[in-house]
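Trainee: Before I ask anything, let me first share the structure, which is written out below as structure tokens.
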Amino acid sequence: MDQPAVHQSRRSLRILLLEDSALDAELVTEALSAAGLSVSMERVVLEEDFSRALRDGEWDLVLADYLLPGFDGLNALALVRGQRPELPFVFVSGALGEEIAVEALKRGATDYVIKDRLDRLPGTVLRALAEARERTEKRQAQEALQKLLDERTALLHELDHRVKNNLQLLMSLIGIEIRHAEDEATSRVLERMRERLQALGAAHRDLYDKNGSSRFDASNFARGICEELTTAVSGVTITPEFDVENIEVEAAKAAPMALLFNEIIVNALSYAYKERHGKLKLVMRVRDGRLLFQLSDDAFSPEEKQAAQNGASGTILKGLARQLDANVEWPSDRPEVLVRILMPIHEIS
């Protein structure tokens, strides 16, 4: 079989040779030199010399006989893999049967060459060096990618911290304005603004604290804000119930979806439960690429349903629905359903 062309290296290959026969060492050097490879070879025989050379030297390759007096190639291989796991290791031996060769490869040897076929050694050496270079380049690329990811994560954490602080500052300022509001109407408007900021803060917290920045747990957010808002209602008892699937969506939908859910739930609690107890059942599921968000009770009176619909006719709700391509319905033919939202969605698995 024709041997692959071997080009002269720009520098000498630094080879550590474990070989007790000076003649065999000469034959190995000659086989590599005859193929056009420039080599700088250090031959060792004893285990302590091999360990010292491995520890102190800079090597491109280890070539090793399998059987030596008081030491063998498998022990040498274990030393190399323990200290220099990326270093190519090739057995060059006349006593390497098939079973031993397979075992050597299992333990991490790069390849092997039989001494009576040293014409194969240059090609084997070049392949071993190419594989080692490829592994090194892959490792370096992975390390560079990991460094980039670490830097991005650190930046996201810094941005997350700043956003949280800014939202908290804004809510505190609005709280001050609420306390100094001159009339009840102004106070209610400011309170609604604070509720919206709280919804954004909750979405931001869920987005960055739980799933990273790529996905938003929409069902967990809706459940949490429903429990929080029903608990805050004074004068009546409203018990939340849930029929909710696990739904995660892309991060870009987090803010408008959080604000839309908040607007709908606050509106329901403000207008559909006038001085009466009840339950607020939240249904969330995905079917055929569409998300259903629905609020219901045992039954709403026509007046309650009309009041909720009129209260939700503001430009904020319409703008959020338009941004999400959502359809907000107030079904008049189903007394138990207050409001239903349908929107196209791409779930993240």
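Only the coordinates and a few stated rules stand behind these numbers; no lab work does. Predicted model, so just to flag it, every value in this text is computed and none were measured. A quick note on method: Cβ atoms are made from the backbone with ideal geometry, for glycine too, and the neighbour counts reach across all protein chains shown.
Trainee: Let me have the relative contact order for the chain, percent, based on Cα pairs under 8 Å that are six or more residues apart.
Mentor: Value for the chain: 10 percent.
Trainee: Using the alpha-carbon atoms, what tilt in degrees (0 to 90, nearest 10) does helix 184-209 show relative to the longest principal axis of the chain?
Mentor: Roughly 20 degrees between the two axes.
Trainee: Would you mind putting 82-92, 227-237 in packing order, based on average other-beta-carbon counts within 10 Å, highest first?
Mentor: On the way: 82-92: 18.3, 227-237: 13.1.
Order by mean packing, descending: 82-92, 227-237.
Trainee: Shifting gears a bit: Kindly provide the helix-only [θ] at 222 nm of the chain, computed as the sum of -39,500 (n - 2.57) over DSSP H runs of four or more divided by all residues, to the nearest 500 deg cm²/dmol?
Mentor: Details: 10 runs with 180 residues, N = 349.
Calculated mean residue ellipticity at 222 nm is -17500 deg cm²/dmol.
Trainee: For segment 14-81, give me the percentage of DSSP beta bridges that are antiparallel, rounded to the nearest 5 percent.
Mentor: On the way: 2 of 11 bridges.
About 20 percent, rounded to the nearest 5.
Trainee: Consider the candidate values (i) 0.96; (ii) 1.37; (iii) 1.12; state which one is Rg/Rh (Cα atoms, Kirkwood Rh) computed from the structure displayed.
Mentor: (ii)
Trainee: Provide the packing ranking of 336-342, 144-150, 14-20, 25-31, i.e. peptides ordered by the mean count of other C-beta atoms within 10 Å per residue, highest first. Present the calculation step by step, with values, prior to reporting the outcome.
Mentor: On the way: 336-342: 19.1, 144-150: 10.0, 14-20: 21.7, 25-31: 17.3.
So the peptides 336-342, 144-150, 14-20, 25-31, ranked by packing, come out 14-20, 336-342, 25-31, 144-150.
Trainee: Once the other residues with Cβ under 12 Å from the Cβ of residue 65 are scored (Lys, Arg +1; Asp, Glu -1), what is the net sum? Spell out each step's value before the answer.
Mentor: Values: positive: 43, 115; negative: 19, 20, 24, 72.
Overall, the nearby charge balance is -2.
Trainee: How far apart, in nanometres, would the label points at residue 315 and residue 189 be if each is projected 7 angstrom from Cα along the Cα-to-Cβ direction?
Mentor: Result for the modelled spin labels: 1.2 nm.
Trainee: Can you say what percent of the DSSP beta bridges in segment 218-349, counting only those with both residues inside, are antiparallel? Round to 5. Numbers along the way, then the final one.
Mentor: Numbers: 17 of 24 bridges.
So the antiparallel bridges in segment 218-349 amount to around 70 percent.
Trainee: Can you find, among 216, 110, 175, the residue farthest towards the positive end of the dipole of segment 101-233? Put +1 on the C-beta of Lys and Arg, -1 on that of Asp and Glu.
Mentor: Result: 110, furthest along the dipole toward the positive end.
Trainee: Grab the other residues whose beta carbon is less than 10 angstrom from that of residue 24, score K and R as +1, D and E as -1, and report the net.
Mentor: Numbers: positive: 43, 115; negative: 19, 20, 26, 65.
Value of the local net charge: -2.
Trainee: Related question: Kindly work out what percent of the DSSP beta bridges joining two residues of the chain are antiparallel, to the nearest 5. Walk me through the numbers on the way to the answer.
Mentor: Working: 22 of 46 bridges.
Expressed as a percentage, antiparallel bridges in the chain total about 50.
Trainee: Mind checking the dipole of the chain: about its Cα centre, +1 per Lys or Arg Cβ, -1 per Asp or Glu Cβ, Debye to the nearest 20? Could you put the intermediate results ahead of the total?
Mentor: Numbers: 44 positive and 58 negative charges, 242 e Å.
Charge dipole, the chain, about its Cα centre: 1160 debye, nearest 20.
Trainee: Measure nothing fancy, just the Cα-based angle from helix 22-34's long axis to the longest principal axis of the chain, in degrees from 0 to 90, nearest 10.
Mentor: Helix 22-34 and the main axis of the chain meet at about 60 degrees.
Trainee: Counting pairs of alpha carbon atoms under 8 Å apart in space and at least six apart in sequence, what relative contact order in percent does segment 110-222 give?
Mentor: Values: 41 pairs, mean separation 16.3, N = 113.
With pairs under 8 Å counted, the relative contact order is 14 percent.
Trainee: On a 0 to 90 degree scale, rounded to 10, what angle separates helix 121-179 from the longest Cα axis of the chain?
Mentor: Rounded to the nearest ten degrees, it is 20.
Trainee: Given the chain, what count of lysine pairs have C-alpha atoms under 19 Å apart, with each pair 8 or more places apart or on different chains?
Mentor: The number of close lysine pairs in the chain is 9.
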